[in-house]
Amino acid sequence: MVNLTIDGRQVSVPEGTSVLKAAQSIGIRIPTLCFHPDQSIKANCRICLCEVEGSQVLQAACASPVYENMVVNTRTPNVIESRKMILQLLLANHPQDCLNCIRNGNCELQELAAEYYVRDNPFEMKTRHMEKDFSTPALFRDPDKCILCRRCIEVCSVVQTVNAYGMQGRGASSIVVPSMGEKLLESTCIMCGQCIHACPVGAIAEREEIDKFMDAVSDPERIVVTQIAPAVRVAVAEEIGKRTGELPMDAFVSALRHCGFDYVLSTNYTADLTIMEEGSEILERISNNDRLPVITSCSPGWINFCETFYPDLLDHLSSCKSPQQMFGALVKTYWAKKMGIDPARIYSVSIMPCVAKKYEAARPEMNASGFRDVDLVLTTREVGRLFRLNRLDFSKIPASSLDSWMGNFTGAGVIFGVSGGVTEAALRTAYELATGELLEDVEFNAVRGMGNIREAEIDMKGTKINVAIGHSTKAARELMEQVRSGQSKYHFIEIMACPGGCIGGGGQPLTRSDQQRAERIQAVYLEDREAKLRKSHENPHIKTLYDEFLIAPLSEKSHELLHTHYTPRNNQYAVPGYSPQACQKKN
Amino acid sequence: MPGEMRIVLRNQGQVDPFKIEDYMARGGYQALKKARAMKRNDLISEVRESKLRGRGGAGFNCGQKWFFAASAENTEKYVVCNADEGEPGTYKDRIIIQHDPHSLIEGMLICAYAINGSKGYIYLRGEYSYLGQVLNHAIAQASDHGLLDGFDLTVRRGAGAYVCGEETALIESLEGKRGEPRYKPPFPPVQGLWGKPTIVNNVETLANIPVIVEKGAQWFSAIGAPNYPGTKLFTLTGDVNRKTFFEVPSNTTIRDLVFKYGEGIPGGKRLKAVQIGGNSGAFIPENLLDTQVDFDSMNKAGLTLGSGAVLVMDETRDILDVITRIEAFFEHESCGKCTPCREGTPRLVGLLEKIRKGDGSHFDLDLMQKLGRIMSRSSLCGLGMAAPVPLLTAIQHFPNAFEAKVSKKTSEEGSPW
Amino acid sequence: MIKAGYKEIIYRYKNMPGGIIEAYHDLNDEYGYLPKDAVIDAAELFNLSVAEAYGIATFYSMFSLEPRGKNAVRVCRSAPCQLGGSEELLDVLQNALGIKAGETTEDEIFTLEHTECVGQCQATPVFTVNGNPYPGLKTGEIPAVLAEYQA
């Protein structure tokens, strides 16, 4: 242990601890900007500077290891003056746009400016005057707001291995750019939105589409129907000042009605449906040894990643659409018919933890219903804004249930929201389908956890199935390299683009740490445990769907509405993996 | 030149840089032989006791640095020669490389033995690419003579980034990355190139090593000033009769540099200012000229020795003009990683331009000084810390140069708010 | 003369860890700048992302991703050269070449750029052509130097 003094107080910490963490441990919260608990130390913002006795210059607390008898002062007038001027330097090069900014009230720079009572700026205000990037339907970039903390580069390169972002230039003209200075759409960006979580300010955000929702709601001809994704309910509580998981579904549904939705349904229903379709597909492909491993296809960030970096392996993907798109195809066909509603009047919204879903919904082939299957995707954050717009008082809101025919779901559908959930849900059904036996213990702990790649061997009465679960596209890359080199030992692989699975999606409330992800995961498993039904094939409304409409999994109707195809991207920046040699499958 | 003491330049003009035989005929590589017969610890002690301090500008005890790297066991270690000489007004390292490359190579080989290093790199600034030929030729000749003893030595080019003279930025560049400095600790002798113990030494520092090994620490430490013994290479530029280089003991005064070795100012003009140490050096008036150039004497006067470049300005020069160009250099060369330097250097230039144009006030003058002080204590690396020094010392010693251009508005009235 | 292909040049350094900057130098020597596809090829060989390879290329002053003239004429503007008359030197070169700093001649033979100190301060002001230093020349001597590179 190392003993040192911080602001006159003694503290004892293990060797190798930074001054920042040592201070935190005794309640001294040194301000930071480029620091991120899940990333490497950068020490570039210089906000966390402190005085260290014996040093003529100030030291960055995040990068200073403690030593015996170190004397640190974190709040001397010298330090405060330095931090304030550094803030003013950043602010003088930052659009004075707080009132209009999507991060107003939720911005690390704004927070610091308030804490350091920045009332004026001695420096002349100027900004970079770079073009805003609206090229993707999912994300939006405003390079003028970038404070060059580089947290986005790290998450995109190290956590996701997508490497869409890099630095351009040097000195005062250095700036973060996609690939070679292109717009995001031309870069290798997969629109997972992890960079949104990493960004401390409003330089990166989702494409906000609340206006489209408002237009639909105010149009008397439109019937506004929404689906809610599995990972949304637990996290939306965080948008309204509650702890994750603390907003019950019936309060959530009620709130959505108050915002103007005519019908509120659930993606968890089509998650159950996905298990029926994909479960059958998986069993068929395993018994025919057809293009194994079969890989899940419900994460559009992952689909984008596969189309960009592993276009030669697209035939491994399940042909199943994501639950969002299955829902969209059915709501304007099956559901419209059941409800006696003219499908042309339906405005199909989905509430997602995801920004890539905005891209997925807009894919040209997603019109199996004869209309755009999903008209609008709203992120959890946008719904949070709707709640605040409508000034909902959650202490007084009456309960309300989900609507019929596509609102009913099992615990298996809920767990789609976490990494390992699709696999577990699939196993609950596949086990019974393949063995004909009742599954007593539905919880497959082998596939749960935070490890980026987890594997399990499932014994289905003699038949051994090897499964792997990966979350983050770094895990995806590792697994796909194995597939490409012919060394993958798995029958089935579940891949989620976002760390933690959908609960950590790019559209969720700003996600600052793995700790936050872990809490959401616990809340989802709790919801599953409390569900009356926990196996997808037991969902009575799914039975109805097949009986009345689809006939059977993988039927012609199913293929028409619920299955899809993928498109290789030929992105010149997707190196390695772009060259023809690398793309040749080895057997 | 009379008064010079040529230790580093011992072979200057006496050897053909393309002929190792010339170097050896003058005793070259005898020190290496002697070093390799010594115990490593003894060799390092010798260098440490000589009190040789880094000649690139940082002034750290060379032997002490070697000691840290030598301590690590069971790991690959590297010896890097910092030939990224980018300090404006400086070309001493070019002289050494161009005319006596073996003095540098022998120094590196002695270091390699001392720390048990297996690979070495000469990081040659891109603007000196044409010196690659003489260096590679010398390395090949040393190899042919069996002198490398398994040490793998290559020349690697910089590509136009002054900041790569900073040792961790240099290491990043060797790793094929943007030349952005790392935060320290860890220090390169513990964790440097590819995370391994690495010694980064300046060309001039390394050129001293063979002589120290040959003649001993005691001999060396008795030369010049006790706290910074030995000699120093200087290069004179600006308004001086002899724009040239020379090597003098470290207890020489600045006045001697300008008036004895530089032979004073052309046209009999008066001296206005001297910037000593390179682009990041202090601006000093005539009354500080009797300062000795050793590290501690300079430090006491608020000056740094830096690279040994001396820029002389006569009475006709506009301090403000020169300072503006100096600060613009830093703006151009800032790597952009840390806030104070990236944002501060253009602000300093902007404020200086404003004052030059006649639009500045005392508010701007005060702001420049405050910003400069904060940059000096907040930046990630030496570039940002040193960049404001010329400006701050110029304001301190030549207040009239700034006052004359600044309006009569008070600090408050000048504020944009 | 047929130029060496990108891969051929880059592959010279395939066994050099961190050798991308050397590869960029050789590409620059061959083409006068770094073509976009060459940067992508370099990324692949050195197992870097394109974004990283681009970030490295745009950091160093000696590299450009924009095509440049066959010969790079660089005028030093650091303080010692400024005192030595770099502004007048720049004027002379701008007039001789008919372009401003940052531009390339119509026939694409010369690009004129600023540079910081190149370490030839014994005779100021200094300019370089393709890295070859020309310190302290008189105005009248400059046309002959440029003519050397005209071919």
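The values are calculated or read from the model by the stated rules, or taken from the named source; none is laboratory data. Keep in mind that this is a model prediction, so the values were computed, not measured. Neighbour counts are summed over all protein chains in view; Cβ atoms, including those assigned to glycine, are modelled from backbone coordinates with ideal geometry. Remember, those area values only see protein heavy atoms, side chains included, never the ligands or the DNA or RNA. Shrake-Rupley method; radii C 1.70, N 1.55, O 1.52, S 1.80 Å.
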Check your understanding: Is there a residue being surrounded by fewer than 19 Cβ atoms within 10 Å (Cβ to Cβ), touching a residue at least 60 places away in the same chain (Cβ under 8 Å) and either within 25 Å of C:Gly84 (Cα to Cα) or not aromatic (Phe, Trp, Tyr) (or both) anywhere in segment B:77-85?
Key -> no
Review point. If you check C:Lys70 against the conditions, is it open to solvent by 30 Å² or more (accessible area, probe 1.4 Å), within 18 Å of the chain's Cα centre (by Cα) and within 14 Å of chain A (Cβ to nearest Cβ)?
Key: no
Point to revise | Long-range neighbours under 7 Å by Cβ, at least six apart or interchain, first residue closer than 13 Å to A:Pro200 by Cα and open to solvent by 30 Å² or more (accessible area, probe 1.4 Å) within segment A:131-150, second assigned to a loop (DSSP other than H, G, I, E, B) and not small (Gly, Ala, Ser) | key: A:Arg150/A:Cys34; A:Arg150/A:Lys42; A:Arg150/A:Asn44
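Starting from residues that are part of a loop (DSSP other than H, G, I, E, B) and open to solvent by less than 10 Å² (accessible area, probe 1.4 Å), keep the ones in segment B:217-262 and report whichever is nearest to B:Thr316 (Cα to Cα).
Initial filter on segment B:217-262 (part of a loop (DSSP other than H, G, I, E, B)): B:222-223, B:226-227, B:230, B:239-244, B:250-252, B:262.
The next check asks that each one be open to solvent by less than 10 Å² (accessible area, probe 1.4 Å); those that pass are B:230, B:240, B:250, B:262.
Numbers: B:Gly230: 36, B:Val240: 13, B:Ser250: 31, B:Gly262: 18 Å.
Only one residue tops the list, namely B:Val240.
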Review point. Hey, among B:Gly358, B:Gly277, B:Gly306, which residue is in contact with a Leu (Cβ under 9 Å, 6 or more places away or on another chain), more than 13 Å from chain A (Cβ to nearest Cβ) and at pLDDT below 95?
Key: B:Gly277
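Give A:Ala172, A:Ala164 a once-over and let me know the one that is more than 13 Å from chain C (Cβ to nearest Cβ), over 21 Å from A:Ile102 (Cα atoms) and at pLDDT 95 or above. Before you say what the answer is, go through the steps one by one.
Details: A:Ala164 fails: more than 13 Å from chain C (Cβ to nearest Cβ).
Being more than 13 Å from chain C (Cβ to nearest Cβ), over 21 Å from A:Ile102 (Cα atoms) and at pLDDT 95 or above holds for just one of A:Ala172, A:Ala164, which is A:Ala172.
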**Study point:** Counted residues, segment B:263-273 - those being without any contact (Cβ under 8 Å) to a residue 60 or more places away in the chain and crowded, with 23+ Cβ neighbours inside 10 Å
**Key:** 0
Practice item. Mind telling me which of the residues B:Glu106, B:Glu204, B:Glu172 ends up being within 14 Å of chain C (Cβ to nearest Cβ), over 24 Å from C:Gly18 (Cβ atoms) and either buried (at least 24 other Cβ atoms within 10 Å of the Cβ) or under 21 Å from the mean Cα position of the chain (by Cα) (or both)? Key: B:Glu204
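Return the residue satisfying two criteria in turn: it lies in segment A:180-194 and is open to solvent by 10 Å² or more (accessible area, probe 1.4 Å) and either of a type in the set (Gly, Ala, Ser) or under 23 Å from A:Ser472 (Cβ atoms) (or both), and of such residues it is nearest to the chain's Cα centre (by Cα). Outline the logic, then answer.
Within segment A:180-194, the first condition is being open to solvent by 10 Å² or more (accessible area, probe 1.4 Å), and the residues that meet it are A:180-183, A:185-186, A:189, A:192.
Remaining after also requiring either of a type in the set (Gly, Ala, Ser) or under 23 Å from A:Ser472 (Cβ atoms) (or both): A:181, A:185, A:189, A:192.
Values: A:Gly181: 25, A:Leu185: 18, A:Cys189: 14, A:Cys192: 6 Å.
Selected residue: A:Cys192.
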Exercise for review: Of the numbered conditions (1) open to solvent by 10 Å² or more (accessible area, probe 1.4 Å); (2) facing chain C (nearest Cβ under 9 Å), B:Leu148 fails exactly one; give the number of that condition.
Suggested key: (2)
**Study point:** Candidates A:Lys557, A:Lys489, A:Lys585, filtered to the one that is assigned to a loop (DSSP other than H, G, I, E, B) and modelled with pLDDT of 95 or more
**Key:** A:Lys489
Check your understanding: Of all residues in segment A:354-374, which are within 27 Å of A:Arg103 (Cβ to Cβ) and surrounded by fewer than 24 Cβ atoms within 10 Å (Cβ to Cβ)?
Key -> A:Tyr359, A:Ala362
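For A:Met125, indicate whether it is facing another protein chain (nearest Cβ under 10 Å), open to solvent by 30 Å² or more (accessible area, probe 1.4 Å), of a type outside the set (Gly, Ala, Ser) and part of a loop (DSSP other than H, G, I, E, B). Break it down into steps so the answer makes sense when it comes.
Working: facing another protein chain (nearest Cβ under 10 Å): yes; open to solvent by 30 Å² or more (accessible area, probe 1.4 Å): yes; of a type outside the set (Gly, Ala, Ser): yes; part of a loop (DSSP other than H, G, I, E, B): yes.
Taking the combined requirement at face value, the residue satisfies it.
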Practice item. Take segment A:295-317 and flag every residue that is crowded, with 24+ Cβ neighbours inside 10 Å and under 23 Å from A:Pro230 (Cβ atoms). Key: A:Ile295, A:Thr296, A:Ser297, A:Cys298, A:Ser299, A:Pro300, A:Gly301, A:Trp302, A:Ile303, A:Asn304, A:Phe305, A:Cys306
**Study point:** Of residues in segment B:175-201 being of a type in the set (Lys, Arg) and surrounded by fewer than 22 Cβ atoms within 10 Å (Cβ to Cβ), the one nearest to C:Glu113 (Cα to Cα)
**Key:** B:Lys177
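Quick check, is B:Phe60 aromatic (Phe, Trp, Tyr) and without any contact (Cβ under 8 Å) to a residue 24 or more places away in the chain?
Yes.
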**Study point:** Filter pass, C:Tyr33 being surrounded by fewer than 24 Cβ atoms within 10 Å (Cβ to Cβ), free of Cβ contacts under 8 Å to residues at least 60 places away in the same chain and either assigned by TED's automatic domain parsing to the domain that holds C:Glu108 or more than 19 Å from the chain's Cα centre (by Cα) (or both)
**Key:** no
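Results for (1) under 15 Å from A:Val483 (Cα atoms); (2) of a type in the set (A, V, I, L, M); (3) in contact with a strand residue (DSSP E or B) (Cβ under 9 Å, 6 or more places away or on another chain), shown as yes or no for each residue.
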{"residue": "A:Asn289", "(1), (2), (3)": "yes, no, no"}
{"residue": "A:Cys298", "(1), (2), (3)": "no, no, yes"}
{"residue": "A:Gly301", "(1), (2), (3)": "no, no, yes"}
{"residue": "A:Cys306", "(1), (2), (3)": "yes, no, yes"}
{"residue": "A:Tyr310", "(1), (2), (3)": "yes, no, no"}
{"residue": "A:Ser322", "(1), (2), (3)": "no, no, no"}
{"residue": "A:Lys332", "(1), (2), (3)": "no, no, yes"}
Exercise for review: Please find, within segment B:155-169, the residue that is most open to solvent (accessible area, probe 1.4 Å) out of those that are facing chain C (nearest Cβ under 10 Å) and out of contact with any strand residue (DSSP E or B) (no Cβ under 8 Å at 6 or more places or on another chain).
Suggested key: B:Tyr162
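Condition (residue is of a type in the set (S, T, N, Q), within 14 Å of chain A (Cβ to nearest Cβ) and open to solvent by less than 40 Å² (accessible area, probe 1.4 Å)) applied to segment B:322-335: is it met by at least one residue?
If we filter segment B:322-335 for residues that are of a type in the set (S, T, N, Q), which is where we start, we get B:324, B:334.
With the extra rule that they be within 14 Å of chain A (Cβ to nearest Cβ), the set shrinks to B:334.
Still in the running and open to solvent by less than 40 Å² (accessible area, probe 1.4 Å): B:334.
Yes, because at least one residue in segment B:322-335 is of a type in the set (S, T, N, Q), within 14 Å of chain A (Cβ to nearest Cβ) and open to solvent by less than 40 Å² (accessible area, probe 1.4 Å).
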Point to revise | Which numbered condition C:Cys121 misses (of (1) over 20 Å from A:Ser173 (Cβ atoms); (2) within 14 Å of another protein chain (Cβ to nearest Cβ); (3) open to solvent by 50 Å² or more (accessible area, probe 1.4 Å)) | key: (3)
Revision key, fill the gap. When C:Lys100 is run through (1) surrounded by 13 or more Cβ atoms within 10 Å (Cβ to Cβ); (2) in a loop (DSSP other than H, G, I, E, B); (3) more than 12 Å from every other protein chain (Cβ to nearest Cβ), the failure sits at (1)
Exercise for review: Kindly state which helices (runs of 4 or more DSSP H) lie completely within segment A:378-436 and contain at least 1 residues that are surrounded by fewer than 24 Cβ atoms within 10 Å (Cβ to Cβ).
Suggested key: A:380-389, A:421-435
Practice item. Could you list all residues from segment B:194-209 that are touching a helix residue (DSSP H, G or I) at 6+ places or on another chain (Cβ under 6 Å) and either without any contact (Cβ under 8 Å) to a residue 60 or more places away in the chain or more than 27 Å from B:Ile95 (Cα to Cα) (or both)? Key: B:Pro197
**Study point:** Members of segment A:97-122 found to be part of a helix (DSSP H, G or I), within 29 Å of the chain's Cα centre (by Cα) and surrounded by fewer than 15 Cβ atoms within 10 Å (Cβ to Cβ), listed by number
**Key:** A:Glu111
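Inspect segment C:42-51 for any residue being loosely packed, with under 15 Cβ neighbours inside 10 Å and within 14 Å of chain A (Cβ to nearest Cβ) and give the result as yes or no. It would help to see each step written out before you state the result.
As a first pass, look at segment C:42-51 and keep what is loosely packed, with under 15 Cβ neighbours inside 10 Å: C:47.
Among the residues that remain, those that are also within 14 Å of chain A (Cβ to nearest Cβ) are: C:47.
Yes; the residues of segment C:42-51 include at least one that is loosely packed, with under 15 Cβ neighbours inside 10 Å and within 14 Å of chain A (Cβ to nearest Cβ).
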